[in-house]
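A.B. asks: One structure, as structure tokens, below. Some questions next.
The values are calculated or read from the model by the stated rules, or taken from the named source; none is laboratory data. Values in this document were obtained by computation on a predicted structure and should not be read as measured data. Glycine also receives a Cβ, built like all others from the backbone with ideal geometry; neighbour counts cover every protein chain displayed.
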Amino acid sequence: MQNNASLVVVLGTGGTIAGTAVHATDHVGYSAAQLGAAQLVAAVPALAGLPIEVQQIAQVDSKDMDFSIWRALAEAVDQHLARPQVCGVVITHGTDTLEETAYFLQRVLAPSKPVVLVAAMRPATALQADGPQNLLDAVGVARSVGARGVVAVLAGRVHSALDLRKVHTYRLDAFDSGDAGTLAQIEQGRLRQHRAWPGGEAFGLVRLPRDAAQWPQVEIATSHAGSGGAIVAALCASGVQGIVVAGTGNGSVHRALEGALLQAQAAGVAVLRSSRCLGGSVIDATPPALPSAGALTPVQARIELMLQLLAHRVA
Ligand code: ASP
């Protein structure tokens, strides 16, 4: 699956893949984001001699991912992909917000070269660490002829950024592509591809504020038994510009929460209605009072709503 042995740029952001524990048997009691991306690359003998450049963008546990890292990451990816000698970018990242960073980068850049997010469920010090194989596979995908768009590589599977979701708290194969299914499998370094690379139109980097404080504030509220409107009132009082509701089933919302959301919408807060179900899409029989997020997961819908609000701001 090689692409003229051109340059792969590995961008480090931290995560468990760069994590270390005191004991090799520790799978949970470890510190994420301890090793640099250069150390991760150096730990994979099969990568030695390949044209690889490394740049550390951040060093965080991805539960703490933020807008300023996203902005810096998107800019670095964009700059590297514009270099003719670069065939693809690999991003080492934590698993907790992997699906959010993946969706964000695909929507903002819609790159015509591969951008491969890679993570691990076990720290680098584990007896059977999954990071090195995942990193080797990710570089292989970044060098693949015809690969394009943002994908994630873990446990021998390639997932589109548009479908990726974390579905397990500790299993090595912790990610899934929902109803869409895995994009490709990596079999002894070769890709067995099931469907197309992610596409779509790029939102564009220029519309992302440099100052993180200027990004629209969009929060997620969950509908559940006994839901009320207090959370919506608190969010509105804090100056929120958008609310994604993670509804039950087919995007249904508890009447008390729905009432509060309709009021917020009438007051100018943008609302999107998604489902807290792990699969499926919100389907409406009649035009809904609260617009539907379709097949977007709540965290994807949140990114989409932020981009919509940014688009209107500069329009
Ligand atoms: N908390 C870690 C992170 O997201 C978990 C992981 O990487 O698996 O950075």
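A.B. asks: Looking for whichever is more than 17 Å from H80 (Cβ to Cβ), more than 16 Å from the ligand (Cβ to nearest atom) and either in contact with a Pro (Cβ under 9 Å, 6 or more places away or on another chain) or touching a residue at least 60 places away in the same chain (Cβ under 8 Å) (or both) here; the options are A48, A18, A24. Which one fits?
C.D. replies: Every option except A24 fails the conditions.
A.B. asks: Moving on. Please go through segment 139-183 and pick out each residue that is closer than 13 Å to T297 by Cα and of a type in the set (V, I, T).
C.D. replies: Residue satisfying the conditions is V167 alone.
A.B. asks: Out of curiosity, is A21 touching a Phe, Trp or Tyr at 6+ places or on another chain (Cβ under 6 Å), of a type outside the set (F, W, Y) and buried (at least 17 other Cβ atoms within 10 Å of the Cβ)?
C.D. replies: On the way: touching a Phe, Trp or Tyr at 6+ places or on another chain (Cβ under 6 Å): yes; of a type outside the set (F, W, Y): yes; buried (at least 17 other Cβ atoms within 10 Å of the Cβ): yes.
Yes: the conditions hold for A21.
A.B. asks: Assuming K63 fulfils every condition listed in (1) touching a strand residue (DSSP E or B) at 6+ places or on another chain (Cβ under 8 Å); (2) within 12 Å of the ligand (Cβ to nearest atom); (3) not acidic (D, E) apart from one, which condition is it?
C.D. replies: (1) is the only condition that K63 fails.
A.B. asks: Suppose we keep only residues that are touching a Gly at 6+ places or on another chain (Cβ under 9 Å) and within 18 Å of I52 (Cβ to Cβ) within segment 102-118. Which one would you say is farthest from the ligand (Cβ to nearest atom)?
C.D. replies: The extreme case among them is K113.
Here is a yes/no grid of residues against (1) hydrophobic (A, V, I, L, M, F, W, C); (2) closer than 24 Å to Y103 by Cα; (3) touching a strand residue (DSSP E or B) at 6+ places or on another chain (Cβ under 8 Å):
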site: G226; (1), (2), (3): no, no, no
site: S274; (1), (2), (3): no, yes, yes
site: G280; (1), (2), (3): no, yes, no
site: A285; (1), (2), (3): yes, no, no
site: A301; (1), (2), (3): yes, yes, yes
site: L307; (1), (2), (3): yes, yes, no
site: A311; (1), (2), (3): yes, yes, no
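A.B. asks: Ok, one more. Could we say that E75 is in a helix (DSSP H, G or I), buried (at least 18 other Cβ atoms within 10 Å of the Cβ) and either out of contact with any strand residue (DSSP E or B) (no Cβ under 7 Å at 6 or more places or on another chain) or in contact (Cβ under 8 Å) with a residue 12 or more places away in the chain (or both) here? Talk me through it step by step, then tell me what you get.
C.D. replies: Details: in a helix (DSSP H, G or I): yes; buried (at least 18 other Cβ atoms within 10 Å of the Cβ): no; either out of contact with any strand residue (DSSP E or B) (no Cβ under 7 Å at 6 or more places or on another chain) or in contact (Cβ under 8 Å) with a residue 12 or more places away in the chain (or both): yes.
For E75, the condition - in a helix (DSSP H, G or I), buried (at least 18 other Cβ atoms within 10 Å of the Cβ) and either out of contact with any strand residue (DSSP E or B) (no Cβ under 7 Å at 6 or more places or on another chain) or in contact (Cβ under 8 Å) with a residue 12 or more places away in the chain (or both) - is not met.
A.B. asks: Is it true that E99 is touching a residue at least 24 places away in the same chain (Cβ under 8 Å), of a type outside the set (S, T, N, Q), within 14 Å of the ligand (Cβ to nearest atom) and assigned to a helix (DSSP H, G or I)?
C.D. replies: Answer is yes for this residue.
A.B. asks: Moving on to the next point. Considering segment 1-45 alone, what residues qualify as being over 27 Å from R71 (Cβ atoms) and in a helix (DSSP H, G or I)?
C.D. replies: Once the filter is applied, which keeps residues that are over 27 Å from R71 (Cβ atoms) and in a helix (DSSP H, G or I), segment 1-45 yields A42, P45.
A.B. asks: On to the next question. Just the residues that are more than 11 Å from A33 (Cβ to Cβ) and either part of a strand (DSSP E or B) or among the polar types (S, T, N, Q) (or both), please, taken from segment 46-68.
C.D. replies: Scanning segment 46-68 gives I52, E53, V54, Q55, I57, S68.
A.B. asks: Looking at Q106 and the list (1) touching a residue at least 24 places away in the same chain (Cβ under 8 Å); (2) more than 21 Å from P198 (Cβ to Cβ), which single condition is not satisfied?
C.D. replies: Single failed check for Q106: (2).
A.B. asks: Take G199 and tell me if it is at pLDDT 95 or above, farther than 28 Å from V28 by Cβ and part of a loop (DSSP other than H, G, I, E, B).
C.D. replies: yes
A.B. asks: Just the residues that are buried (at least 17 other Cβ atoms within 10 Å of the Cβ), more than 19 Å from the chain's Cα centre (by Cα) and acidic (D, E), please, taken from segment 27-63.
C.D. replies: Within segment 27-63, no residue meets the criteria.
A.B. asks: Looking only at residues that are polar (S, T, N, Q) and in a strand (DSSP E or B) in segment 271-315, which one is surrounded by the fewest Cβ atoms within 10 Å (Cβ to Cβ)?
C.D. replies: Going through the qualifying residues, I end up with S292.
A.B. asks: Just to confirm my filter: which strands (runs of 3 or more DSSP E) fall fully inside segment 148-192 and include at least 2 residues that are surrounded by fewer than 17 Cβ atoms within 10 Å (Cβ to Cβ) and in contact (Cβ under 8 Å) with a residue 24 or more places away in the chain?
C.D. replies: The strands (runs of 3 or more DSSP E) meeting that bar are 184-187.
A.B. asks: Among (1) modelled with pLDDT under 95; (2) within 16 Å of the ligand (Cβ to nearest atom), there is one condition S6 misses while meeting the rest; what is its number?
C.D. replies: Every listed condition holds for S6 apart from (2).
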